[in-house]
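All remarks here apply to the structure that follows.
Taken together, the values in this text are just the output of simple stated rules run on the coordinates, not laboratory data. Here the structure is a predicted model, which is why all the values come from computation and not from measurement. Please note: Cβ atoms are built from the backbone with ideal geometry, for glycine as well, and neighbour counts cover all protein chains shown.
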Amino acid sequence: MLQAVLFDMDGTITDTEKYYNRSWPQAFHEFGYTDFTREDALLQRSLNSVDALKLWQERYGMDVPYEEIHRRSTSIMLEISKAEGVKAKPGVQELLSFLKEYELKTAVVTATNMERAIPRLTEVGLQDSFDMIISAHMVKRGKPHPDVYQYACQQLNLDPANCLALEDAPNGIRSAASAGCITVMVPDLSGPTADLEPLLYDVAQGLNDVPRIIKNLINS
């Protein structure tokens, strides 16, 4: 029985993943890693810092100053978002109204820390639209590990099997699926790949398509 819908934030609720896709290459380039591409930046989506450090150490060596690059990328991203603004993804308000009508609980489950997540949601007028806001910084291991989705379900006092997770990126999909959630991809910068397809209940063509999926779940 479906009881809740859990939302990733960047790329799913807010149209901000595209800013990270610009800030990561710029930051790596500033530190001399000029072969870092926007395709490489896609690997960073929702990836926790411990696993990200290992990823780039494998490519660039143990001395890669990942934490400094991370801080610089965050600074660039904030500069871009301040200059260009943060917008909600199309259909989010309509979807939230639909979920309220069906009396489904809602939560944000984001890899972004609360100090940035709350202002970002506030900028798009959604800070009070969810029953709960959960950051991966509240748990030991961030995405793609299951911890943050397990924690969110515990806080909602719900079985993950009764929670639908909406994610745009592979690391988030792996996190939600490994936690036992019903996992739906809402593509943003990339679509589902062959390795992700077994983890997905469905793929939504935007947030406006999610009610179709929920109705199918409820009626199945």
**Asked** For the stretch 3-65, rounded, prolate or oblate, judged on the Cα gyration tensor with a ≥ b ≥ c (square roots of eigenvalues), a/c < 1.5 rounded, else prolate if a/b > b/c?
**Response** oblate
**Prompt:** For the chain, modelled as a GNM with alpha-carbon contacts under 10 angstrom, which of Gly191, Gly91, Gly32 fluctuates the most?
**Reply:** Gly32
**Asked** Which angle from 0 to 90°, rounded to the nearest 10, does the C-alpha axis of helix 92-101 make with the longest principal axis of the chain?
**Response** 30 degrees
**Request:** Between the alpha-carbon centers of the stretch 1-69 and the stretch 177-220, tell me the distance in whole angstrom.
**Result:** 22 Å
**Fill in**
Projecting the Cα atoms of Tyr60, Pro25, Ile80 onto the charge dipole of the stretch 17-84, where Lys and Arg contribute +1 and Asp and Glu -1 at Cβ, the residue farthest towards the positive end is Ile80
**Asked** In percent, what relative contact order does the chain have, based on Cα pairs under 8 Å that are 6 or more apart in sequence?
**Response** 26 percent
**Item:** Charge dipole magnitude, Cβ of K and R +1, D and E -1 - the stretch 1-80, Cα centre, debye nearest 20
**Value:** 80 debye
**Asked** Stretch Ser190-Thr37 to full length: gain in nm at 0.36 nm per residue minus the Cα-Cα span?
**Response** 53.6 nm
**Fill in**
Rh_Kirkwood(the stretch 12-111) over Cα pairs, Å, one decimal, evaluates to 15.3 Å
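Using 0.36 nm per residue, how much length does the chain from Glu115 to Glu103 gain when fully extended, once their Cα-Cα distance is taken away?
Full extension of this stretch gives 1.4 nm more.
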**Prompt:** Helix 114-123 sits at what angle to the longest principal axis of the chain, using alpha carbons and giving 0 to 90 degrees rounded to 10?
**Reply:** 60 degrees
**Message:** Over the chain, how many pairs of lysines fall under 16 Å by alpha carbon, counting only those 8 or more apart in sequence or from different chains?
**Reply:** 6
**Message:** Compute the angle between helix 66-84 and the longest alpha-carbon principal axis of the chain, please, reported from 0 to 90 degrees and rounded to the nearest 10.
**Reply:** 60 degrees
**Message:** Just to compare against my own numbers: the Cα pair-distance distribution for the chain, 5 Å bins, whole % per bin, please.
**Reply:** 1, 7, 15, 20, 21, 16, 10, 6, 3, 1, 0
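What share of the DSSP beta bridges in the stretch 1-150 is antiparallel, in percent to the nearest 5?
Working: 1 of 10 bridges.
Of those bridges, close to 10 percent are antiparallel.
Quote the FRET efficiency, to the nearest 0.05, computed for Ala83 versus Leu217 with a Förster distance R0 of 30 Å and r equal to the Cβ-Cβ distance.
Numbers: r = 40 Å, r/R0 = 1.34.
Plugging the Cβ-Cβ distance into 1/(1 + (r/R0)^6) gives 0.15.
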**Prompt:** Per residue of the chain, what 222 nm ellipticity follows from adding -39500 (n - 2.57) for every DSSP H run with n ≥ 4, rounded to the nearest 500?
**Reply:** -14000 deg cm²/dmol
**Prompt:** By its C-alpha gyration tensor, with a ≥ b ≥ c as the square roots of the eigenvalues, how is the stretch 95-155 shaped: rounded for a/c under 1.5, else prolate for a/b larger than b/c, else oblate?
**Reply:** oblate
